[in-house]
Structure formats: structure tokens, C-alpha cells
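Notes for the one structure printed next.
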Amino acid sequence: RLHILAPDDLAKYIAQKGSICIDGISLTVNVVQGAEFTLNIVPHTLEKTTLAKVKVGHRVNLEVDIIARYLERLLLGKKAANPNTDSINEAFLQQHGFA
């Protein structure tokens, strides 16, 4: 098992059974608790990738699920074209009938 603490700005895109890339290795998220998530790594993946070298405190590159990023951009609608627009938050979702 590999436990990773994601930065807050990426944690919102990580979902149980969703996809994530760790240092370019495409994996499936097993459990999510807040900004921390867990991956179950099978022996073959451990053997054929660099994941065996990851130790406690090691920083990794995270690439979150592209569908989640597309969905966020679609929900922003016309605001997505404005770089000064805040990202989706609870107030935005309530205003648009999602919460």
C-alpha cells in the first residue's frame, strides 16, 4: 500500500476508484480520506516501475483525473474564460443548484 498526501488544490480531484498518475505511472485510487489517498500496488507494478524507491516523505509528481478537471471547467461555464475567476466552491454549487 502506498499512502499519499495530496496538495489541497489537487485533493478535490481525487476520488475513490478514480485514476491518478504518480510519477507518470497510471494507477487506481483505493481509498480517499480528505487530502490523503491510498493505492494498492501489485507486485508486478512495484517490480516494473520506480514506485519501489518511494520512501516516507518522498515527493512525487501527481497528475489528477482529466475528467474531473474537464467537469470543473464545464461547470464554470463562461467564467472559465476569465483567468481571475475563482474555482468552484460550495457557494458556486449552491448558486447553480448543485448543493
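Residues that are open to solvent by 60 Å² or more (accessible area, probe 1.4 Å), of a type outside the set (V, I, T) and in a strand (DSSP E or B) do not occur anywhere in region 74-82. Answer with yes or no whether F98 is under 20 Å from D8 (Cα atoms) and either open to solvent by 70 Å² or more (accessible area, probe 1.4 Å) or assigned to a helix (DSSP H, G or I) (or both). It is false that F98 is under 20 Å from D8 (Cα atoms) and either open to solvent by 70 Å² or more (accessible area, probe 1.4 Å) or assigned to a helix (DSSP H, G or I) (or both). So, in region 63-92, of the ones that are of a type in the set (S, T, Y) and at pLDDT below 85, which residue ends up farthest from K17 (Cα to Cα)? Within region 63-92, the match that is farthest from K17 (Cα to Cα) is T85. With respect to the conditions (1) small (G, A, S); (2) more than 30 Å from E90 (Cβ to Cβ); (3) open to solvent by 60 Å² or more (accessible area, probe 1.4 Å), G24 lacks only one, and its number is (3). Of the strands (runs of 3 or more DSSP E) contained entirely in region 1-65, those carrying at least 1 residues that are out of contact with any Pro (no Cβ under 8 Å at 6 or more places or on another chain) and without any contact (Cβ under 8 Å) to a residue 24 or more places away in the chain fall at 25-28, 31-33. Determine if region 85-94 includes at least one residue that is surrounded by 15 or more Cβ atoms within 10 Å (Cβ to Cβ), farther than 14 Å from I4 by Cβ and in contact with an Asp or Glu (Cβ under 6 Å, 6 or more places away or on another chain). Yes, region 85-94 contains at least one residue that is surrounded by 15 or more Cβ atoms within 10 Å (Cβ to Cβ), farther than 14 Å from I4 by Cβ and in contact with an Asp or Glu (Cβ under 6 Å, 6 or more places away or on another chain). Restricting A11, A6 to residues that are surrounded by 10 or more Cβ atoms within 10 Å (Cβ to Cβ), within 11 Å of the chain's Cα centre (by Cα), of a type in the set (G, A, S) and modelled with pLDDT of 95 or more narrows the list to A6. Given the residues V60, V42, V54, which is the only one that is β-branched (V, I, T), under 15 Å from the mean Cα position of the chain (by Cα) and modelled with pLDDT of 85 or more? Exactly one of V60, V42, V54 is β-branched (V, I, T), under 15 Å from the mean Cα position of the chain (by Cα) and modelled with pLDDT of 85 or more, namely V60.
The values are calculated or read from the model by the stated rules, or taken from the named source; none is laboratory data. Remember, predicted model here, so these are calculated numbers, not experimental data. Neighbour counts are summed over all protein chains in view; Cβ atoms, including those assigned to glycine, are modelled from backbone coordinates with ideal geometry. Surface accessibility is based on the protein's heavy atoms, side chains included, excluding ligands, DNA and RNA. Shrake-Rupley method; radii C 1.70, N 1.55, O 1.52, S 1.80 Å.
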